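Visitor: Quick one: this structure, given as structure tokens, is what I'll be asking you about.
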Amino acid sequence: MTGVLFALSATAVTPLSASTSNQHIQNQQLSEANDLLAASAANGTLRDAVVDWNTTSDGFNGSGDVGYFTDGGPPNWFGAALDDTFLSRRIAFNVYVEYWDGSNQKQLPITYMGTPSDNAVTATRTVTIYDDTRLSVPGSSVNVSTARATGDFYAPDVAPGNELYNVVEVRITAWRM
């Protein structure tokens, strides 16, 4: 019995050990991610980020040759909210948009900052895109339906002949660096 007590008291505790403090931090990050998605959906910046697509480079606007961002959020309101909420506190994050291509679920990164740690949290929010939703390119009057017809938008129209274009899911995964 004394040996068991000694073994239990000799267990090392590291900064990444499971603890109520670590769980509290994860709960806080999850709450912040959910709140960020809810606020961005309510004010329209989440939809704008999802359709902030550059039809020439086949990537999110401002992302360069890779097509997604690697050092923070995209250069729009949603990206600024991500950076203010997470990056300013040294919390890394990945943001994906998932969509149905008619036969399979596909995912496309908006921001990819690396492989999440074991203590990462994930929050999701759905965004409905309609045929007349315009791409968020400054000065653009192109809607997603027109862009897809020319092969220039990533998600297909899953309801041809209907006002609905596609329903996508935005997923944020956040973890301490």
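Visitor: Looking at the calculated P(r) for segment 97-147, what percent of the C-alpha pair distances fall above 19 Å?
Guide: Result for the distance tail: 49 percent.
Visitor: If you don't mind, another one. Restricting to bridges with both residues inside segment 20-176, how much of the DSSP beta-bridge set is antiparallel, in percent to the nearest 5?
Guide: Just about 95 percent of them are antiparallel.
Visitor: Under the classification rounded if a/c is under 1.5, otherwise prolate if a/b is larger than b/c and oblate if not, where does segment 23-79 fall, given a ≥ b ≥ c as square roots of the Cα gyration tensor eigenvalues?
Guide: Numbers: a/c = 3.81, a/b = 1.77, b/c = 2.16.
Taking the square roots of the gyration eigenvalues as a ≥ b ≥ c, segment 23-79 is oblate.
Visitor: Before rounding to the nearest 500, sum -39500 (n - 2.57) across all DSSP H runs of length at least 4 in the chain and divide by the residue total; then give [θ] at 222 nm in deg cm²/dmol.
Guide: Working: 5 runs with 53 residues, N = 177.
Calculated at 222 nm, the ellipticity per residue is -9000 deg cm²/dmol.
Visitor: Give me the base-10 log of I(q)/I(0) for segment 90-177 at each q in 0.15, 0.20, 0.22, 0.25 Å⁻¹, Debye formula, one uniform scatterer per Cα, rounded to two decimals.
Guide: Those come out to -0.64, -0.94, -1.04, -1.20, one per q.
Visitor: Something else now. Just to verify a number: FRET efficiency for residue 88 and residue 23, C-beta to C-beta distance, R0 = 30 Å, to 0.05? Don't jump to the answer; show the numbers that get you there.
Guide: Details: r = 23 Å, r/R0 = 0.76.
Once the sixth-power term is evaluated, E becomes 0.85.
Visitor: How big is the charge dipole of the chain about its Cα centre, in debye rounded to the nearest 20, if each Lys and Arg gets +1 on its Cβ and each Asp and Glu gets -1 on its Cβ? List each step's numbers first, then the result.
Guide: Values: 9 positive and 18 negative charges, 113 e Å.
For the chain, the charge dipole is close to 540 debye.
Visitor: What FRET efficiency, computed as 1/(1 + (r/R0)^6) with R0 = 22 Å and r the Cβ-Cβ distance, is obtained for residue 124 and residue 162, rounded to the nearest 0.05?
Guide: Between residue 124 and residue 162 the formula returns 0.35.
Visitor: Dividing the Cα convex hull volume of the chain by residue count, how many Å³ per residue is that? Write down the numbers at each step before the final one.
Guide: Numbers: hull volume 25.0 nm³, N = 177.
Hull volume normalised by residue count: 142 Å³.
Values quoted throughout were computed directly from the atomic coordinates according to the rules given, and no laboratory measurement underlies them. All of these numbers come straight from a predicted model, not from anything done at the bench. Please note: Cβ atoms are built from the backbone with ideal geometry, for glycine as well, and neighbour counts cover all protein chains shown.
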